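J.: This is the structure I have questions about; it appears just below.
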Amino acid sequence: MTNAAFSEKPDKYGYFKLADGSVDIFIRIFDHEETNDDGEVSYICKVNEFRTKQNLITEEMVVANPEKYLDYTPPGAITEMDRLEAVESALLELMGVEHD
């Protein structure tokens, strides 16, 4: 979960079915408003986005309790840190540097 700013108050969720049977899910839970010096309002939301299979999480499940999915990570999902560590390991290996 992270925070994001929107110029308009967004819907609590987005559920976008894909042709391969997966779905992109966007969770946006309103947290607070911020007004800048020019009087422009930003809507700060707690957000999460992920892709999973349509049969694992249905739109009805998200509608019933979108907050439940704020911290959801699909099983087997690769985190940003996992990717960074894999890239670092590959570079060190290509350079011939021993690492653990």
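J.: Tell me the per residue accessible area of the chain using a 1.4 Å probe; a whole number in Å² is fine.
T.: 75
J.: Another question, if that's okay. What's the magnitude of the charge dipole for the range 18-100 around its Cα centre, counting Lys and Arg as +1 and Asp and Glu as -1 at the beta-carbon? Answer in Debye, nearest 20. Each step should come with its number before you reach the end.
T.: Numbers: 6 positive and 20 negative charges, 108 e Å.
That gives the range 18-100 a dipole magnitude of about 520 debye.
J.: Skipping prolines and chain starts, which residues have an amide H placed within reach, meaning under 5 Å, of the one on residue 54, given they are 5 or more residues away or on another chain?
T.: Residues meeting the criterion, in which the H sits 1.01 Å from N, are 22, 23.
J.: Turning to a different aspect of this structure: Apply 1/(1 + (r/R0)^6) to the Cβ-Cβ distance of residue 22 and residue 97, taking R0 = 30 Å, and write down the FRET efficiency to the nearest 0.05. Each step should come with its number before you reach the end.
T.: Details: r = 38 Å, r/R0 = 1.27.
In this case the efficiency is close to 0.20.
J.: Which residues among the range 1-29 fall inside the zone where the amide N is under 13 Å from a point 7 Å beyond the Cα of residue 56, along Cα→Cβ?
T.: 21-25
J.: Could you tell me the calculated FRET efficiency between residue 11 and residue 90, based on Cβ-Cβ distance and R0 = 35 angstrom, to the nearest 0.05? Walk me through the numbers before you get to the answer.
T.: Details: r = 40 Å, r/R0 = 1.13.
E(calc), rounded to 0.05, equals 0.30.
J.: Quick one: with all protein chains in place, what share of the accessible area of the chain is carbon or sulfur, to the nearest percent (1.4 Å probe)?
T.: Here it works out to 50 percent.
J.: Positive end of the dipole of the chain, charges at C-beta (+1 Lys, Arg; -1 Asp, Glu), about the Cα centre: which of 87, 74, 6 has its Cα farthest in that direction?
T.: Of the listed residues, the answer is 74.
J.: Right, here's the next one. How far, in nm, would the chain grow between residue 1 and residue 31 when pulled straight, counting 0.36 nm per residue and subtracting the alpha carbon separation?
T.: That works out to 9.5 nm of additional length.
The values are calculated or read from the model by the stated rules, or taken from the named source; none is laboratory data. Fair warning: this is a prediction, and the values are worked out from it, not measured in the lab. In this analysis, Cβ positions are derived from the backbone assuming ideal geometry, glycine residues included, and neighbour counts consider all displayed protein chains. These area figures cover heavy atoms from the full protein model, side chains too; ligands, DNA and RNA do not enter into them. Shrake-Rupley method; radii C 1.70, N 1.55, O 1.52, S 1.80 Å.
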